[in-house]
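Participant: This is the structure I have questions about; it appears just below.
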Amino acid sequence: MQVPEEYNVLHIGPETSSAAQDKKILTVLKKLQFSKVGTRVLIGLALVTVFGLGTSLYGTVQSTENRVDALIDELGKLSASNFELSEQVTSQDAVLRSIEEDFSNLGSALEKGDKDEIGALFTSILEKFEDTPNALDLSQDVQLSEIEDETFDILLLGTNGAHTDTIMVASVNKEKEKISLFSVPRDLYVNGRKINEYYTYYGVETLKRMLETVTGLQIDQYAQVDLKGFVEIVAALGGVDVYVTESIYDGLYPNSKGGYSPYSIEKGKHHLDGNEALKYARSRESTSDFDRAERQQVILAAVREKITQLDSVMELKELTEVLQTALSHSTTDLDVLDLVSYYFDYKDYDLNTGFVLNSGNYLYSLINEGGAYILLPRTGNYEEIHGVISDLVN
């Protein structure tokens, strides 16, 4: 994979913090090996970063809540090599929320200039971190290795409002001239949350980091398409051709009126317009989320095939217009020049589809204490999945 010049394993504070500063923090953490003393130093560094000398204290504190969320998120990420640690962090949610409240109160104290209150809050924050050994006893050797792979990886998201039910990765191996498309289930439990909730509550960048934890790949770019955009993109291509391997009857397919309408499709070859393609990709009542993920991969493969067919009769200008239409219905860090370039670079690559992480291979399911259905790695960590995906893409 293309490894950026600056890849911050630890991120504390807003995106404006310097990469050099983050690297220094990472170096200190490695030397301390996350001992209890290291935890105190980590918090000290966080506080110095958050309330950096020479900056406006009050202006910085205004974003404290987001920073604490980022800190909590990154502490969970650092425990990825030890699944039990992430579960322990989850169990201390009340303590972490209390710390978050202290940070918030610290903002008011700074605004008033109350030195006694400021000192008391700093002491409280440090003591709470020190007094949560079950959650933050990171004295075990935790290996912090930057992700280095030779593939170019794009996160593909299908969204419905603030939620994402479709999480896929397209991994491009230039040496092998192949593209591997695989799916990650929305119910996969990562560091105390279902993985799709990271998109809902924290946004795509945090979701990318969680996927890196799960897959062992570094996500380079992303593209998110909502339901309407999906329909428009398929319509712009004149529909797609798919082979339905199993007949489907779904009596509870959601309609646009807040209710349900029956949806069915027979086994065999079909030409699907935008709306039909969406139904085929979303239906799950009579199948499963894992089956739906496989069908979504089939639709994407059909879209790629249709663009290839159109390429033989379209001029570059027309192809660019089709890709521009796709971009107009997407949220992405790609632009039309990227799409045109990638299309011509990778159009002749083999496309491998069909791999879905599920409870029949490398995950197992259970109902957690909150009554939610979740999926966990069967080995207790993600090392096995890293190896499987590495073999898949390489």
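The values are calculated or read from the model by the stated rules, or taken from the named source; none is laboratory data. Note that the structure is a prediction, hence the values are computed from the model and not measured. Please note: Cβ atoms are built from the backbone with ideal geometry, for glycine as well, and neighbour counts cover all protein chains shown. When the accessible area is computed, the model is the full protein with side chains, heavy atoms only, and any ligands, DNA or RNA have been set aside. Shrake-Rupley method; radii C 1.70, N 1.55, O 1.52, S 1.80 Å.
Participant: Label residue 318 and residue 162 with points 7 Å out from Cα along Cα→Cβ: what is the distance between them in nm?
Facilitator: With each label point 7 Å from Cα toward Cβ, the separation is 4.3 nm.
Participant: If you plug each phi of segment 106-112 into the Karplus form 6.51 cos²θ - 1.76 cosθ + 1.60 with θ = phi - 60°, what whole-Hz ³J(HN,Hα) values come out, in order, with x for Gly and Pro?
Facilitator: So the Karplus estimates, Gly and Pro as x, are 4, x, 5, 5, 5, 5, 7 Hz.
Participant: Taking amide H positions as placed 1.01 Å from N in the peptide plane, with prolines and chain starts having none, which residues 5 or more places from residue 364, or on another chain, fall under 5 Å of its amide H?
Facilitator: The list, which skips near neighbours in sequence, is 376, 378.
Participant: Can you give the FRET efficiency to the nearest 0.05 for residue 112 and residue 201, using r as the Cβ-Cβ distance and R₀ = 41 Å? Don't skip to the end; give the middle numbers.
Facilitator: Numbers: r = 31 Å, r/R0 = 0.76.
Working from the Cβ atoms, E equals 0.85.
Participant: By how many nm would the segment from residue 361 to residue 249 grow when fully extended, if each residue of separation counts as 0.36 nm and the alpha-carbon distance is taken off? Write out the running numbers ahead of the final one.
Facilitator: Values: separation 112, 0.36 × 112 = 40.32 nm, distance 2.61 nm.
Residue separation times 0.36 nm, minus the Cα-Cα distance, leaves 37.7 nm.
Participant: Further question on the same structure: Hey, quick one: spin label on residue 286, modelled 7 Å out along Cα-Cβ, who in segment 242-256 has an amide N within reach, i.e. under 19 Å?
Facilitator: Counting backbone N atoms under 19 Å from the label point, the list is 242-255.
Participant: Also, quick follow-up: Past 25 Å, Cα to Cα, is the threshold; run 176/347; 178/279; 208/279; 279/306; 208/267 against it and keep the listed order.
Facilitator: Numbers: 176/347 14 Å; 178/279 29 Å; 208/279 27 Å; 279/306 19 Å; 208/267 36 Å.
The answer is 178/279; 208/279; 208/267.
Participant: Is there a quick way to get the dipole size of segment 230-303? I mean about its Cα centre, with the Cβ of Lys and Arg at +1 and of Asp and Glu at -1; what is the value in debye to the nearest 20?
Facilitator: Values: 8 positive and 11 negative charges, 20 e Å.
With Lys and Arg at +1 and Asp and Glu at -1, about 100 debye.
Participant: Still on this structure, I have one more. How much of the accessible area of segment 157-254, in percent, comes from carbon and sulfur atoms when a 1.4 Å probe is used?
Facilitator: Details: 1670 of 3580 Å².
Carbon with sulfur: 47 percent of the solvent-accessible area.
Participant: Could you check the simple spin-label distance between residue 369 and residue 221, using points 7 Å along Cα→Cβ, in nm with one decimal?
Facilitator: Inter-label distance under the simple model: 4.3 nm.
Participant: Could you please put 187, 273, 350 in sequence from largest to smallest accessible area, using a 1.4 Å probe? Show your work: numbers first, answer last.
Facilitator: On the way: 187 20, 273 80, 350 100 Å².
Result of the area sort, largest leading: 350, 273, 187.
Participant: Please list 3J(HN,Hα) in residue order for segment 156-171, calculated via the Karplus relation 6.51 cos²θ - 1.76 cosθ + 1.60 where θ = phi - 60°; whole Hz, with x for glycine and proline.
Facilitator: Along segment 156-171, the couplings run 10, 10, x, 10, 9, x, 8, 10, 10, 10, 10, 10, 10, 10, 9, 10 Hz.
Participant: Once phi is turned into ³J(HN,Hα) by the Karplus curve 6.51 cos²θ - 1.76 cosθ + 1.60 with θ = phi - 60°, what whole-Hz value does each residue of segment 251-260 show in order, with x for glycine and proline?
Facilitator: Going residue by residue, I get x, 10, 6, x, 9, 7, 9, x, x, 9 Hz, with x marking Gly and Pro.
Participant: Under the 0.36 nm per residue contour assumption, what length would be gained going from the current alpha-carbon distance of residue 260 and residue 124 to full extension? Intermediate results must be reported in sequence, preceding the final value.
Facilitator: Details: separation 136, 0.36 × 136 = 48.96 nm, distance 5.27 nm.
That works out to 43.7 nm of additional length.
Participant: I've got another one for you. Could you rank 124, 365 by how accessible they are, 1.4 Å probe, largest area first? Write out the running numbers ahead of the final one.
Facilitator: Values: 124 30, 365 55 Å².
Heavy-atom accessible area, descending, gives 365, 124.
Participant: Kindly sort 182, 230 by accessible area of their heavy atoms, largest first, with the probe set to 1.4 Å.
Facilitator: Numbers: 182 0, 230 45 Å².
Correct descending sequence by accessible area is 230, 182.
Participant: Here is a follow-up. Which value, in debye to the nearest 20, gives the size of the charge dipole of segment 253-394 about its Cα centre, when Lys and Arg are +1 and Asp and Glu are -1 at the Cβ? Write out the running numbers ahead of the final one.
Facilitator: Values: 13 positive and 22 negative charges, 139 e Å.
Rounded to the nearest 20 debye, it is 660 debye.
Participant: Determine the dipole magnitude for segment 289-355: charges of +1 sit on the beta-carbon of Lys and Arg, -1 on that of Asp and Glu, nothing else is charged, the reference point is the Cα centre, and the result goes in debye to the nearest 20. Walk me through the numbers before you get to the answer.
Facilitator: Numbers: 6 positive and 14 negative charges, 40 e Å.
It works out to roughly 200 debye.
Participant: Please list the non-local residues whose amide H lies under 5 Å from the amide H of residue 222, H modeled 1.01 Å from N, same-chain partners needing a gap of 5 or more.
Facilitator: Under 5 Å from the amide H of residue 222 lie the amide H atoms of 155, 333, 334, each far enough along the sequence or on another chain.
Participant: Okay, next question. Taking all protein chains as present, what is the carbon and sulfur share of the accessible area of segment 315-392, in % to the nearest whole number, probe 1.4 Å? Kindly include the intermediate steps, with their values, before the conclusion.
Facilitator: On the way: 2130 of 4320 Å².
C and S fraction of accessible area: 49 percent.
Participant: Something else now. Taking H placed 1.01 Å from N in the peptide plane, check which residues at least 5 places from residue 253 or on another chain put their amide H under 5 Å from its amide H.
Facilitator: 261, 263
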